[in-house]
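*Asks:* Encoded as structure tokens, here's the structure I'll be asking about.
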Amino acid sequence: MTNEELNIAFQAAFEKACNTKIELPPDVMLHFYAYYKQATHTEGFYTPSGDSELRNAFKLNALFQVKNLTPDEAKLKYIELVNKYITDY
């Protein structure tokens, strides 16, 4: 898959994930979050923000688990998650 094909597939997977009505378990949502941030945030390490310290801690843990993935690897993992869990689009 070329870089352009990967970006197109990633964007399509993101749109599919954004438009789904399927309610996914929190642990799966954290995987989506971490892969997306790793794929799109290219300037240093991303620190989650929000009102809930506990939720931010879970997000941070998820980010640590994917920190060694390249952005392209994270895009592929994100696409795999969408294909596995989101079937209503």
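*Asks:* Any idea how many residues of the range 64-76 are part of a helix (DSSP H, G or I) and within 27 Å of T2 (Cα to Cα)?
*Replies:* Result for the range 64-76: 8.
*Asks:* Take the range 77-89 and flag every residue that is buried (at least 16 other Cβ atoms within 10 Å of the Cβ) and either charged (D, E, K, R) or in a loop (DSSP other than H, G, I, E, B) (or both). Lay out the reasoning, then the answer.
*Replies:* Step one: list which residues in the range 77-89 are buried (at least 16 other Cβ atoms within 10 Å of the Cβ), which gives 77-79, 81-82, 85-86.
K77, I86 - these are the residues of the range 77-89 that are buried (at least 16 other Cβ atoms within 10 Å of the Cβ) and either charged (D, E, K, R) or in a loop (DSSP other than H, G, I, E, B) (or both).
*Asks:* Give me the residue from the range 7-46 that is surrounded by fewer than 16 Cβ atoms within 10 Å (Cβ to Cβ) and among the hydroxyl-bearing types (S, T, Y) and, out of that set, nearest to the chain's Cα centre (by Cα).
*Replies:* T40
*Asks:* Would you tally the residues in the range 64-89 being over 16 Å from Q11 (Cα atoms), at pLDDT below 90 and not β-branched (V, I, T)?
*Replies:* Going through the range 64-89 one residue at a time, the tally reaches 1.
*Asks:* Here is a further query. How many residues, within the range 1-53, are closer than 12 Å to D72 by Cα and of a type outside the set (A, V, I, L, M, F, W, C)?
*Replies:* 12
*Asks:* Just one of T47, T20, T2, T40 is closer than 12 Å to V82 by Cα and of a type in the set (V, I, T); which is it?
*Replies:* After ruling out the rest, the residue left standing is T20.
*Asks:* Taking the range 60-76 on its own, how many of its residues are buried (at least 19 other Cβ atoms within 10 Å of the Cβ) and basic (K, R)?
*Replies:* 1
*Asks:* When you check N61 against the structure, is it more than 10 Å from the chain's Cα centre (by Cα), part of a helix (DSSP H, G or I), closer than 15 Å to A12 by Cβ and modelled with pLDDT of 90 or more, yes or no?
*Replies:* No, not satisfied.
*Asks:* Given the condition touching a helix residue (DSSP H, G or I) at 6+ places or on another chain (Cβ under 6 Å) and among the polar types (S, T, N, Q), answer yes or no: does some residue in the range 32-41 qualify?
*Replies:* Yes; the residues of the range 32-41 include at least one that is touching a helix residue (DSSP H, G or I) at 6+ places or on another chain (Cβ under 6 Å) and among the polar types (S, T, N, Q).
*Asks:* Go through the range 47-56 and count every residue that is of a type outside the set (S, T, N, Q), closer than 23 Å to E23 by Cβ and surrounded by fewer than 11 Cβ atoms within 10 Å (Cβ to Cβ). Outline the logic, then answer.
*Replies:* Our first condition is that a residue be of a type outside the set (S, T, N, Q); within the range 47-56, this holds for 48, 50-51, 53-55.
Now narrow it down to the ones that are closer than 23 Å to E23 by Cβ: 48, 50-51, 54-55.
Pick out the ones that are also surrounded by fewer than 11 Cβ atoms within 10 Å (Cβ to Cβ) and you get 50-51, 54.
Within the range 47-56, residues that are of a type outside the set (S, T, N, Q), closer than 23 Å to E23 by Cβ and surrounded by fewer than 11 Cβ atoms within 10 Å (Cβ to Cβ) number 3.
*Asks:* Then there is this: Considering only the range 30-58, how many residues are closer than 24 Å to A12 by Cα, in a helix (DSSP H, G or I) and among the aromatic types (F, W, Y)?
*Replies:* Matching residues across the range 30-58 total 4.
The values are calculated or read from the model by the stated rules, or taken from the named source; none is laboratory data. The structure displayed is predicted, hence computed values, not measured ones. Cβ: placed from backbone, ideal geometry, glycine included. Neighbour counts: every protein chain shown.
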